[in-house]
Amino acid sequence: MTPRRSRPARTRRPRRLRALWWTLAAVAVVVIAVVAARAAVSLTHEIAAEPPEVGVDVMVPAESKAAKAAAEGDPASVEHEAAAFLAQQPAAYWLTPEQDPIGQVGDRMRTLLDESRAQDAAASIVVYGLPERDCGNFSAGGLSPDQYEIWVDEIAGAVHAAPDVQKVIVIEPDSLALAPECGNFEQRVPELRMVVDRLASTNTWLYLDGGHSAWVPAGEMAELIRQLDVLEKVRGFATNVSNYQTDADEFTYARTLSGLLDGAHAVIDTSRNGAGTNGEWCNPSGRLIGAAPGTYGDDVVDTNLWIKPPGESDGTCNGGPAAGEWWPDAAVELTREAHP
């Protein structure tokens, strides 16, 4: 039989030593918790959701139509000079299914957000792919309801993956202001709710269609927006998109509309309102670029932006090409007082 080995005698720690050990362990746990909490606060601070405001830096899209036009043509021409000038200006990028279809729009959005991050600037984006878009007018197009949802989901995936980038997103210009005329408001309600639900994210500021001061009266516009029942998920509304109303008229309109919408905020498009309006909306002559993005704002208007990129046509009217296409003549006219 193998003899059992004797175990060494256990030495008991003095009670004071054991108490000290437990005290040190408790302190260590507290220190770790404090460090973790501070790290969480620091991370939250780094991606703090700050709305756009006066002085905001807005991304200059590398692949804008102005940039593409500036890379072509005669460098000595006035058309090239206008395109080169506009290519350097911060303006919104319009996501459309015609240019960035399903399967590509997510990558496009990620590229835009990477550009914004590299420029330490806000991404200014327009989502424009609604079914039966523009009610058959110059910007007619869009996707089927099922395809639209897929397309929006691809955009949303990129949005949610970039909480560190400030994102200013204008949702479907004209979708609400044009709805009474088109008779499709009931169709618009679930579509726009879906877009808001999918895009709502950290550091993402959503603005619904708010028309402009010379279109739908503020009371009617407020009712259209309110019926979407999404005010708690959006920052507010965008006014004067692709239009030419003066700054003063749009500020007054925005304040009135905000008062009817429980203090909702606004952004104003000043890309082409430097000479005000002559009453036309489709490629009117004699217009000028307006105040640069981030020039002004108040307690209602977060700031002004260039939402409609100057130099892009409103449609096949007054000599212009198809809506959204680059129009050198318009670029020259709009910038005639902006550069030598």
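Worth a mention:
- Test: residue in region 306-322 that is of a type in the set (A, V, I, L, M, F, W, C) and in contact with a strand residue (DSSP E or B) (Cβ under 6 Å, 6 or more places away or on another chain): yes
- Selected residue (criterion: surrounded by the most Cβ atoms within 10 Å (Cβ to Cβ)) from residues of region 226-266 that are of a type in the set (Val, Ile, Thr) and more than 24 Å from residue 330 (Cβ to Cβ): 234
- Residue 293 being touching a Pro at 6+ places or on another chain (Cβ under 6 Å) and part of a loop (DSSP other than H, G, I, E, B): yes
- Residues satisfying the criterion are absent from region 279-288 (criterion: touching a helix residue (DSSP H, G or I) at 6+ places or on another chain (Cβ under 8 Å), free of Cβ contacts under 8 Å to residues at least 40 places away in the same chain and of a type in the set (Gly, Ala, Ser)).
- Exclusive hit being surrounded by 22 or more Cβ atoms within 10 Å (Cβ to Cβ) and of a type outside the set (S, T, N, Q), set 129, 141: 129
- When region 201-257 is filtered for residues that are among the small types (Gly, Ala, Ser), farther than 22 Å from residue 159 by Cβ and in contact with a strand residue (DSSP E or B) (Cβ under 8 Å, 6 or more places away or on another chain), the ones remaining, listed by number, are 211, 213, 242, 254.
- Qualifying positions in region 282-306 - buried (at least 16 other Cβ atoms within 10 Å of the Cβ) and over 20 Å from the mean Cα position of the chain (by Cα): 283, 284, 287, 288, 289
- Taking the criterion of being without any contact (Cβ under 8 Å) to a residue 40 or more places away in the chain and either assigned to a helix (DSSP H, G or I) or in contact with a Ser or Thr (Cβ under 9 Å, 6 or more places away or on another chain) (or both), the residues of region 218-229 that qualify are 222, 223, 226.
- Residues (small (Gly, Ala, Ser) and in contact with a Ser or Thr (Cβ under 8 Å, 6 or more places away or on another chain)) located in region 186-217: 210, 211, 213, 214
- For residue 301, the stated conditions hold: it is at pLDDT 95 or above, more than 21 Å from residue 62 (Cα to Cα), touching a helix residue (DSSP H, G or I) at 6+ places or on another chain (Cβ under 8 Å) and of a type in the set (A, V, I, L, M).
- Long-range neighbours under 7 Å by Cβ, at least six apart or interchain, first residue assigned by TED's automatic domain parsing to the domain that holds residue 309 within region 242-268, second surrounded by fewer than 20 Cβ atoms within 10 Å (Cβ to Cβ) and among the small types (Gly, Ala, Ser): 244/276; 245/214; 246/276; 247/291; 260/219
The values are calculated or read from the model by the stated rules, or taken from the named source; none is laboratory data. Source: prediction; values computed, not measured. Neighbour counts run over all protein chains shown; Cβ positions are idealised from the backbone, glycine included.
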